[in-house]
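Note sheet for the following structure.
The values are calculated or read from the model by the stated rules, or taken from the named source; none is laboratory data. Quantities reported herein were computed from a predicted structural model and do not represent experimental measurements. So basically every Cβ, Gly included, is an ideal-geometry build from the backbone, and we count neighbours across all protein chains shown. Areas reflect the complete protein model, heavy atoms only, side chains present, ligands, DNA and RNA absent. Shrake-Rupley method; radii C 1.70, N 1.55, O 1.52, S 1.80 Å.
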Amino acid sequence: MSLRLYNTLSKNKELFKPIDSNSIKIYACGPTLYDNPHIGNFRPIIVFDILFRLLKKLYGEKSILYARNITDIDDKIITRANELKISTNELVKKTEKVYKKNLNSLSILQPTYEPKATEYISKMIEMISSLIEKGYAYVSSDHVLFETKKFESYGKLSNLSLKDIINGARVEVAEYKKNPEDFILWKPSKDNEPYWSSPWGNGRPGWHIECSAMTSELLGPTIDIHAGGLDLIFPHHENEIAQSTCYHECSMANYWLHNGFINFHGEKMSKSLGNITIVNDLLSKFDPTVIKYSILTTHYRQPIDFSDELILYSQNIIEKWRGFIKNTNSSDLDEVFVNALNDDLNTPSALMRLQQIFNELKKNPDNLTLISHFNNGLQILGLIPNFEEKELNLDKEYIENMIFRRQKAKENKDFDLADKIREDLQMEGILLEDNKSGTTWKKI
Ligand SMILES: [Zn+2]
């Protein structure tokens, strides 16, 4: 085995050496369910799904434990739920449905664990208590903060010095902080916000502690690979490392993998630029395999320029390949193809190799080796469509409830909210029709 991965911690491509090759542990930071996922949220999911598939091939189907979390409590979720005048639970339920539907359409494998942050609050409280006891964290005005300077290796992952971090901290430092660079482990909830009781009063955890708690509970103190988007290196992963290392007194993960951003015509994806591409929208226009192919044409650490041209280019290739995509009983893989993936998941090279195999296969359509090399290659890249795609089990009660809320919004002359509810349902494949006797719905 010669899998090499670029480790953000060492800034080097390293030979992957698992702690225990019978039980390889990976954790990837998943999405925050405050809105329907956009393609940027899905890049790490697609890329690390390929890593999961590759490791299964290299080390055995049952040797990989993969956890990908769902953040179901967060400031963004609270703000969005308030805007929509629904509870945070309802918002999460609604976005989770769309997220799961997208995962299914894009044939993403089910990870071993898919934990939700709110299910691990007691573990977070235990970790925070321990960090206070050990002197790494302090309580101040109902908040608990991690005292960053107490952790010597802080900044190692992001290559930032404490001075850089202090300079980068907001000019206006919250009163409850001893030092500007300290970060929140627990904070009080305002009125009407969700809360959990804790030794420090009713409140909720900071975002970073959730991943430390879930990693620890599900996979143990030190795992093999921790992954996520480039934007998570600082502060999210830096803070996770600080908390977990001080709590467990050992390192958190041996390899840190980060994927690059998705650009639209050269600009960093950002909601304020209005160039977000919602996965649901993309899936209503393009074949899921085409969307995935587009993502894989660029190496995962590089930025992708997502454009109509890229989609059309990918569509053209998938159209040509389609007649040759089939299930095969053989597990035989092409060596050059595997070597490309073993080289820090070099998917552009792997796709190039598949194209060469395809060119041969076209000339020799009955050649069993070529059939299995082509299809098993597609399989590892997750490019074989999910033939067993299940019909999304839409909750009738939920739709009726949304119709009721829309009616209430109209009565209150909140037409923006009413329109938003109609649009959101439409995104989920439900069309509302207003008539004299009220509103009815049907699946699109
Ligand atoms: Zn995380």
Inset, instruction - Give the residue, chosen from V47, V92, that is open to solvent by less than 30 Å² (accessible area, probe 1.4 Å) and within 16 Å of the ligand (Cβ to nearest atom). - result: V47
Legend entry - Residue within region 212-224 that is of a type in the set (V, I, T) and more than 17 Å from N239 (Cβ to Cβ) present: yes
Inset, instruction - Check off (1) touching a strand residue (DSSP E or B) at 6+ places or on another chain (Cβ under 8 Å); (2) open to solvent by 70 Å² or more (accessible area, probe 1.4 Å); (3) under 23 Å from L55 (Cα atoms) for N342 and give me the number that stays unchecked. - result: (2)
Legend entry - Matching helices (runs of 4 or more DSSP H) fully within region 217-335 where at least 1 residues are modelled with pLDDT of 95 or more: 238-248, 288-296, 308-322
Inset, instruction - For region 234-265, name all the residues that are open to solvent by 10 Å² or more (accessible area, probe 1.4 Å) and either within 11 Å of the ligand (Cβ to nearest atom) or farther than 19 Å from I304 by Cα (or both). - result: F234, P235, I241, T245, Y247, H248, E249, C250, S251, N254, Y255
Inset, instruction - Could you run through region 401-437 and say how many residues are basic (K, R) and open to solvent by less than 20 Å² (accessible area, probe 1.4 Å)? - result: 1
Inset, instruction - Kindly indicate whether N102 is in contact (Cβ under 8 Å) with a residue 12 or more places away in the chain, in contact with a helix residue (DSSP H, G or I) (Cβ under 9 Å, 6 or more places away or on another chain), closer than 19 Å to G228 by Cβ and within 16 Å of the ligand (Cβ to nearest atom). - result: no
Inset, instruction - From the list E210, E181, E175, pick out the single residue that is in a loop (DSSP other than H, G, I, E, B), touching a residue at least 12 places away in the same chain (Cβ under 8 Å) and buried (at least 22 other Cβ atoms within 10 Å of the Cβ). - result: E181
Inset, instruction - Please specify each residue of region 403-444 satisfying the condition of being assigned to a helix (DSSP H, G or I), under 19 Å from K100 (Cβ atoms) and in contact (Cβ under 8 Å) with a residue 40 or more places away in the chain. - result: D424, M427
Inset, instruction - Take P205 and decide whether it is out of contact with any His (no Cβ under 9 Å at 6 or more places or on another chain), buried (at least 22 other Cβ atoms within 10 Å of the Cβ) and farther than 21 Å from L157 by Cα. - result: yes
Inset, instruction - Look through region 59-77, keep the residues that are farther than 16 Å from A227 by Cβ and touching a strand residue (DSSP E or B) at 6+ places or on another chain (Cβ under 9 Å), and return whichever of them is most open to solvent (accessible area, probe 1.4 Å). - result: K76
Legend entry - Selection status of L15, more than 16 Å from the ligand (Cβ to nearest atom), on the phi < 0 side of the Ramachandran plot and in contact (Cβ under 8 Å) with a residue 12 or more places away in the chain: yes
Inset, instruction - Would you point out which residue out of K76, K57, K25 is over 10 Å from the mean Cα position of the chain (by Cα) and more than 16 Å from the ligand (Cβ to nearest atom)? - result: K57
Inset, instruction - Among residues belonging to region 201-222 that are closer than 25 Å to K76 by Cα and charged (D, E, K, R), point out the one that is farthest from the ligand (Cβ to nearest atom). - result: R204
